[in-house]
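Okay, structure first, notes after.
The numbers here are math on the coordinates, done by the rules we state, and not lab data. Since the model is a prediction, treat every value here as computed from it, not as a measurement. So basically every Cβ, Gly included, is an ideal-geometry build from the backbone, and we count neighbours across all protein chains shown.
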Amino acid sequence: MSQPLPSSAAPVVSLRDVHKSFGSLKVLDGVSFEVPRGEVMAIIGRSGSGKSTALRCIDRLETIESGEIIVCGHRVSDPKLPLRALRLDVGIVFQSYNLFPHLTIEENICLAPVTVKGKRRAEARETARRVLGQVGLGDKLDSYPEQLSGGQQQRAAIARSLAMEPQVMLFDEVTSALDPELTGEVLRVIEQLAAGGMTMVMVTHEMGFARRVADRIVFMHQGKVWETGPAGILDAPETAELRQFVGSGL
Amino acid sequence: MIATQLGATHLQFLLQGALWTVVLSAIALVGGGLLGFLVALCRVSGSRAVRLASGAYVQVVQGTPLLVIMFLVFFGLPPLGLNVSPLAAASASLILYVSAYMGEIWRGCIESVPKPQWEAAECLAMSRTQRMFHVVLPQAVRIATPPTVGFLVQIIKNTSLASVVGFVELARAGQIINNSLFEPFLVYLIIALLYFAMCYPLSRWSRRLERRTGFARRQQVVSP
């Protein structure tokens, strides 16, 4: 366990000894990690290792049984936490994009800034234009999600999160539903965000990408943080499980 | 002198009845629709008590024949000091009946909006009400349109039960004419045709809507 940090350098995301079960299945078995501001953390591991659940716990899409989660100063593990405040600080992008199909891309992006933050329409539109430019979709304002390719939809979903100006972005296997050629365009956007200093936690299967972009890797196995360290651990794994995972053709 | 052959006045009387059928259907649709919308929202409410109470309402109304509801309202209320006209009794009964069925149809439609849509809206810090009105309901409306138009056909046909409380809509108008002409086959055939003329376009429309909104169901099936 690391030394307690002074509050100015407090980690943006911190999990301490987090436990969670689905019925009799233990999915998180004492998970701890910290993500300092401006860092990118990649969570890797087999399916069923608990990595997506750990990520979803950060945004309180799952509740935990014991342990402590603090995100941007919000005590997420407190059942009485006002969720709205947490979600204003945390952006999340899902594997299945989850754009709103009845709204244009611009409306998708403007909806929350207008309804939640009370921004004026014109101002929200300005933001939509900016974030869409950032993800390379400046010409898709008036398109509906179903008119876009999977990669474009995923980039639009990233833009929608960015428009809320979150402190930290979570990515839950955002390229797993995409063809290899579409994966690249989404990863490039995430890489740009990393370069821009955004704090990010991503669950990913893209080992090359994790190695290139992540400041820190967390390898999860059987609901535990099995091995963690800088990207270099992928080249020199200490545990047999990570060695096997890295060597399994990824 | 009573006419013994079907004439223009009879047809006029039937068309007038048909008009009342349309009016009664419209009242049932609008009133039942508004109440049904409330029922649907209660059925998916965050509060367990509200869900249970609205569920019980639906069960009771759906478990009671419309005919009995009409009798209850028309004959049951006057002894309690509440006099109701045939139109009021028929309207109230139909509104109750329609609200229970529409409420259930729409509950199903709201629940068939994929869960990740709720989740995505929740993660954008939207409140439950904002999620419902900006994200879920607009999608539910698309899913709901074909079955709602389809149910409208049921409403139109069920207004014929209002004849038992003495309300002169199409079926009752036919009865009255038949009582004087004794031409049941002819008279009821005309009535059947008039009902068909009202319902068939709606059935066709519903079918068309179903085909057109098929897209609503073939999106976002990627599972984590």
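Structure above, values below:
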{"quantity": "Distance from the range A:119-153 to the range B:25-75 (C-alpha centre basis), Å", "calculated": "42 Å"}
{"quantity": "Per residue convex hull volume, Cα atoms of the range B:34-84, in Å³", "calculated": "96 Å³"}
{"quantity": "Karplus 3J(HN,Hα) series, Hz, for the range B:65-71 with 6.51 cos²θ - 1.76 cosθ + 1.60 (x for Gly, Pro)", "calculated": "x, 4, 4, 5, 4, 4, 4"}
{"quantity": "Loop trypsin sites (Lys or Arg not before Pro), the range A:61-115, which have at most 12 other Cβ atoms in a 10 Å radius of their Cβ (DSSP)", "calculated": "A:80"}
{"quantity": "Distant-in-sequence amide H partners of residue A:30 (H built 1.01 Å from N, under 5 Å)", "calculated": "A:18, A:19, A:20"}
{"quantity": "Residue with peak Gaussian network fluctuation, chain B [Cα springs, cutoff 10 Å], from B:116, B:86, B:138", "calculated": "B:116"}
{"quantity": "Over the protein assembly as shown: helical MRE at 222 nm, DSSP H runs n ≥ 4 each giving -39500 (n - 2.57), nearest 500", "calculated": "-16500 deg cm²/dmol"}
{"quantity": "Gyration tensor (alpha-carbon) shape descriptor, the range B:146-205, a/c threshold 1.5", "calculated": "oblate"}
{"quantity": "Residues with amide H under 5 Å from that of residue A:77, placed H, sequence gap 5 or more", "calculated": "A:69"}
{"quantity": "Placed amide H near residue A:226: partners under 5 Å, 5+ positions off or other chain", "calculated": "A:219, A:220, A:221"}
{"quantity": "Convex hull per residue volume in Å³, alpha carbons only, for the protein assembly as shown", "calculated": "202 Å³"}
{"quantity": "J(HN,Hα) series, the range A:206-215, from Karplus relation 6.51 cos²θ - 1.76 cosθ + 1.60, nearest Hz, glycine and proline x", "calculated": "8, 5, x, 5, 4, 4, 7, 9, 6, 7"}
{"quantity": "Between the range B:81-136 and the range A:195-233, the alpha-carbon center distance in angstrom", "calculated": "45 Å"}
{"quantity": "Inter-chain shielding of A:89-98 (mean C-beta neighbours from other protein chains, 10 Å cut-off)", "calculated": "5"}
{"quantity": "Per residue Cα convex hull volume in Å³ - calculated over the range B:122-221", "calculated": "125 Å³"}
{"quantity": "Shape box of the range A:7-247 [Cα atoms, principal axes, largest first, Å]", "calculated": "52, 43, 37"}
{"quantity": "Sequence ranges B:50-56, B:109-115, A:91-97, ranked by mean other-Cβ count within 10 angstrom, highest first", "calculated": "A:91-97, B:109-115, B:50-56"}
{"quantity": "³J(HN,Hα) computed for each position of the range A:109-124 - Karplus, 6.51 cos²θ - 1.76 cosθ + 1.60, integer Hz, glycine/proline x", "calculated": "6, 7, 3, 5, x, 6, 6, 8, 8, x, 5, 6, 3, 4, 5, 5"}
{"quantity": "For chain B, alpha-carbon Rg and Dmax in angstrom", "calculated": "21.4, 79"}
{"quantity": "Within straight-line cross-link reach of residue A:117, aspartates and glutamates at Cα separation under 20 Å, skipping those fewer than 8 residues along the same chain", "calculated": "A:59, A:89, A:106, A:107, A:126, A:165, B:119, B:122"}
{"quantity": "Highest average packing first - A:224-237, A:56-69, Cβ atoms within 10 Å", "calculated": "A:56-69, A:224-237"}
{"quantity": "Peptide B:107-116, shielding by other chains (average Cβ, 10 Å cutoff)", "calculated": "1"}
{"quantity": "Shielding by partners - mean other protein chain Cβ count within 10 Å, residues of A:101-109", "calculated": "3"}
